[in-house]
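Following: one structure in structure tokens, then a few remarks.
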Amino acid sequence: MSDLDLDEELRPSGRERMNRARGLRSGTLRWAWATLTSMRTALLLLLLLGVAAIPGSLLPQRPTNPFGVAQYLLDNPATGPWLDRLGFFNVFGSAWFAAIYLLLFVSLIGCIIPRCRAYYEALRAEPGALPRRLSRFPDHAGGTTAAGAADVLDGAERHLLAAGYRVRREPAGLSAEKGYAREAGNLVFHLSLILVLVGLAWGSLFGYRGTAIVVEGQAFSNTLTQYDEFSAGIGFRPEHLPAFTVALDAFEVRFELGPVQRGAARMFRADVTVTRPGQTPRQQVLEVNAPLSVDGTDVHLLGHGYAPVVTIRDGNGDVAYAGPVVFLPTDGNFTSSGVIKAPDARPERLAFEGIFLPSAVIDDQGMRSVFPDAWNPQLLVNAWSGPPKQETGAPENIYVLDRTGLTQLLRPDGQPVRASLEPGATYDLPDGRGSITFDGLRRWTKLRSRPPLAAGSCWPACCWRSPGCRCR
């Protein structure tokens, strides 16, 4: 027989190579599963999840604070875009956070379920049998007694049972065990953690969260078109939104007046009227950390600000716009910025960029606000005009002025038109283009609606709160 024939005999066949590959794959999978479901891996993933959540508390998050994200991107043009690409402005909705979350979930389930099974079997099993020779144990003792064997065993059994031992009695003696409560507490803790993770996952899949800005004297209805921002899981359906309306009757704010923490917020209180179909409207109070609960939906108070009330007249003398305009605060003294648009003004459309100062003063730093309350409100605006623009229906950012087709109005000396208005004051635009009047001031609040407990296509909390709940 030649060497070639020997090599062919020793060479594994195709079936053998396939079986070896299967064994390698199955061995690798078993090792990977054992590593993932170990308690050490679960603890490391839990620590990693906590570390991954840190950027979510340090950086503004787009679902809850989109204006803060926009301002951060403007203030940090070098690092901001990179952080945005990596998902640091939506940490809890990013793919990498979801990956850690799911790995932790699988690891905990794979670790806890076998331990629960083993614990259940240990609870059902009796204590171990009596050892044949006690002298082999490091701690043992012996002695004699005048009592009978039955009396000794009866007394020992009563003592061990009173001490919380599980007892196994045999004709030759007793064996006893205890310590099961410690393992039970450990398992209950980890099972509770799994339930919390399940609840968070369920809420992210079937829950929703929406925010809307409501000005005093106006109302908000719980429909998709009324939300300024809205996010929901893949299992959410718009028809699951309960029908109700929240009208903001008044908003009261108090700030610290003393020398310590001057200007710090001390109270936010919103007086609202809640209306539901077929029911009598009722007045309620909405405060921070005290949300309203309406048909299984929680309505939270997130923020507030000022909405100057203005009237804009065009070059024909007609009212082109009248009402409150939401201005967004930019500092702790509620210096606020906003845009006022009058696209229907004729013969030219008008627009204004404004700064609102609640407590305006003029000092060596210029004109600025020195307190968040409205002690000396001033509205500073510049003006733009342009030919009428054809309506396309495309959405626009109400807080940013698109200057396409607009020209800034200038004074006769060539300087831009700038007006400082106090409540009740009117400024006439040059060349008869119209006027702007600062009529007064209102406050706005930012409301957030979300189900307190998302449970699929319905929420259990509403089943006992509302007879018309869709869960029934």
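Looking only at segment 162-173, count how many residues are assigned to a strand (DSSP E or B), touching a residue at least 24 places away in the same chain (Cβ under 8 Å) and either on the phi < 0 side of the Ramachandran plot or crowded, with 17+ Cβ neighbours inside 10 Å (or both).
Residues flagged as assigned to a strand (DSSP E or B), touching a residue at least 24 places away in the same chain (Cβ under 8 Å) and either on the phi < 0 side of the Ramachandran plot or crowded, with 17+ Cβ neighbours inside 10 Å (or both) within segment 162-173 amount to 4.
Which residue out of 105, 97, 89 is touching a residue at least 60 places away in the same chain (Cβ under 8 Å) and aromatic (Phe, Trp, Tyr)?
The conditions single out 105.
Of all residues in segment 420-462 being of a type in the set (A, V, I, L, M) and surrounded by 16 or more Cβ atoms within 10 Å (Cβ to Cβ), which is modelled with the lowest pLDDT?
Restricting to residues being of a type in the set (A, V, I, L, M) and surrounded by 16 or more Cβ atoms within 10 Å (Cβ to Cβ), the top hit is 461.
Could you tell me whether residue 272 is part of a strand (DSSP E or B) and not assigned by TED's automatic domain parsing to the domain that holds residue 332?
Judged against the criteria, residue 272 is a match.
Could you tell me whether segment 233-244 includes any residue that is surrounded by 17 or more Cβ atoms within 10 Å (Cβ to Cβ), in contact with a Phe, Trp or Tyr (Cβ under 7 Å, 6 or more places away or on another chain) and not in a loop (DSSP other than H, G, I, E, B)?
no
Of the conditions (1) more than 24 Å from residue 400 (Cα to Cα); (2) surrounded by fewer than 16 Cβ atoms within 10 Å (Cβ to Cβ), residue 101 clears all except one; give me its number.
(2)
Yes or no: segment 181-200 includes at least one residue that is assigned to a loop (DSSP other than H, G, I, E, B) and in contact (Cβ under 8 Å) with a residue 12 or more places away in the chain.
no
Which of the residues belonging to segment 380-409 are closer than 19 Å to residue 314 by Cβ, of a type in the set (A, V, I, L, M, F, W, C) and modelled with pLDDT of 90 or more?
Result: 381, 383, 384, 406, 409.
Can you confirm whether segment 193-200 contains a residue that is touching a Gly at 6+ places or on another chain (Cβ under 8 Å) and either of a type in the set (S, T, N, Q) or modelled with pLDDT of 75 or more (or both)?
No; the residues of segment 193-200 include none that is touching a Gly at 6+ places or on another chain (Cβ under 8 Å) and either of a type in the set (S, T, N, Q) or modelled with pLDDT of 75 or more (or both).
For segment 316-421, list the strands (runs of 3 or more DSSP E) that sit wholly inside it and hold at least 3 residues that are within 26 Å of residue 304 (Cβ to Cβ) and touching a residue at least 60 places away in the same chain (Cβ under 8 Å); which are they?
Hits in segment 316-421: 336-342.
Does at least one position in segment 267-278 carry a residue that is more than 29 Å from residue 395 (Cα to Cα), surrounded by fewer than 18 Cβ atoms within 10 Å (Cβ to Cβ), modelled with pLDDT of 90 or more and aliphatic (A, V, I, L, M)?
The answer is no; no qualifying residue exists.
Please give the number of the condition residue 73 fails out of (1) modelled with pLDDT of 80 or more; (2) over 28 Å from residue 228 (Cβ atoms).
Condition not satisfied by residue 73: (2).
The values are calculated or read from the model by the stated rules, or taken from the named source; none is laboratory data. Since the model is a prediction, treat every value here as computed from it, not as a measurement. Glycine gets a Cβ as well: all are built from the backbone with ideal geometry, and neighbour counts include every protein chain shown.
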